[in-house]
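Student: Questions regarding the structure given below will be posed in turn.
What follows draws every value from the coordinates through simple rules; no lab data is involved. Here the structure is a predicted model, which means the values were calculated and not measured. We place every Cβ from the backbone using ideal geometry, glycine too, and count neighbours over all the protein chains shown.
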Amino acid sequence: MKRNIHVAAPAGVVYALIADTSKWPLYFSPNIHVESLEFDGEQERIRVWALMAGQLQSWISARRLDPVERRIDFEQELPSSFQAVLGGVMSVRSVGPRDTVVELGVEFKNAEGLDVSWLELAARRNSRTQLAELKSVAEQWSRLDELTLTFEDSKRIDGPAEAVYDFLYRAGDWPGLVPYVARVDLTEEAPGVQRIAMETVTEYGTHDTESMRICFPHAGRIICKQITNPALLAAHTAEWSVVPDETGTTVTVRHSVVLREEDITAVLGEGAGLGEARRHVREVLGQNSLTMLTLAREHARSTAQLP
C-alpha cells in the first residue's frame with residue numbers, strides 16, 4: 001500500500017512533524033497517546049495508543065530516523081491483538097522552498113495464511129486520515145505557535161495520593177459533585193481504558209464532548225484526549241499526574257490545545273482574534289481544572305479522616 005501527498009510547506013518542517021511523536025495526539029486524530037521508550041538519536045522505540053476502526057489499539061513500534069535523507073523506517077514489534085506485523089517507510093522530498101512530497105509505503109509481514117482484511121482496511125483509513133491531517137497542520141507551519149497552547153496547573157494536597165487518583169479516575173461519579181459536569185456516560189472498554197461522553201455547562205454555554213482516557217494507576221497518571229471537541233478547539237489533550245511524597249500529594253494537570261481559528265468570531269464575537277482566544281481557553285480550562293483539583297483535595301481529606 002502506497003500513498004503520497006503534496007504539501008505546501010518546507011520539507012524540514014514536514015519531516016519534523018513526523019519525527020516528533022510527542023505531538024502526534026495533538027495533530028493526528030487517530031492517535032490518543034504516544035510514549036517514547038528508547039531513543040539514541042537514530043533508533044527509537046515508541047508505544048502507540050490509537051483508534052483503528054473506532055477501536056483503541058496499542059502496539060510498540062521500532063523506528064529508524066534519517067534526518068539527512070528525511071526518511072523514517074518503522075515496524076511494529078508487539079502488534080497487540082494483531083497477528084500480522086505492520087511495517088513501512090515514510091519519506092519526505094523537497095520539490096521547492098515551500099513544496100514537499102510525502103510518500104508513505106506500508107506492508108504486512110508474517111501475514112501468510114492470516115486474514116488481515118480488517119487490519120488492512122483500518123490501516124488504509126488511518127493512513128489516509130493522517131496524511132491529510134499532516135498536510136493541514138504543515139501548511140499552517142508559520143502560525144502553529146499562535147494556534148497551539150500548552151499550560152498546567154498544580155495543587156498541593158494534604159491527603160493520600162490514592163484518594164486523589166480515585167476521585168479523578170471515577171469520572172462516572174462527577175455529576176452532582178463537579179459543578180460544571182451535567183452528565184457523564186462512561187464505558188471502560190478494557191482495564192484502565194475509558195471512553196467518556198460528557199455534557200458540561202459553563203457561562204459560555206453547554207458543550208458535549210467525547211474523550212478517550214488511558215489510566216496508569218501505579219504511575220499515578222491519567223492521559224486524556226478529546227475525540228470530539230467543543231467550538232474553538234481543533235484538538236485537546238490533557239495529562240493528570242498524582243505524585244505522593246512524605247508530607248502529602250502534588251497533583252498537576254497539563255493541557256495542550258490547537259485552536260480552531262474559524263470559530264473565534266462565533267464564540268467570542270466580532271473583533272476577537274487569536275490573542276483573545278488563547279486567553280479565553282486558558283481561563284476556561286484553567287478554572288475547570290482548579291475546580292477539579294479543589295474537589296480532589298476535599299475528597300482526599302475526607303477519606304483521610306475516615307476511621
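Student: Indicate the gyration tensor shape class of the range 153-228 (rounded, prolate or oblate), computed on the Cα atoms with a ≥ b ≥ c the square roots of the eigenvalues: a/c under 1.5 is rounded; otherwise a/b larger than b/c is prolate and the rest oblate.
Tutor: Note, shape of the range 153-228 comes out oblate.
Student: Do any GluC sites (Glu not before Pro) in the range 1-73 lie in a loop, going by DSSP, with at most 12 other beta-carbon atoms within 10 Å of their beta carbon, and if so which?
Tutor: Numbers: sites: Glu35, Glu38, Glu42, Glu44, Glu69; in loops: Glu42, Glu69.
Passing sites in the range 1-73 are Glu42, Glu69.
Student: Please list the radius of gyration and Dmax for the range 2-139, considering alpha-carbon atoms only, with Å as the unit.
Tutor: Expressed in Å, the Cα Rg and Dmax of the range 2-139 come to 14.5, 46.
Student: Percent of alpha carbon pairs in the chain separated by more than 28 Å?
Tutor: 46 percent
Student: Kindly give the semi-axes, whole Å and largest first, of the ellipsoid equivalent to the range 145-305, taking each as the square root of 5 times a Cα gyration tensor eigenvalue.
Tutor: After diagonalising the Cα gyration tensor, the semi-axes are 28, 17, 15 Å.
Student: On to the next question. What Rg and what Dmax come out for the range 13-69 when only alpha-carbon atoms are used, in angstroms?
Tutor: Rg and Dmax of the range 13-69, Cα atoms, are 11.8, 36 Å.
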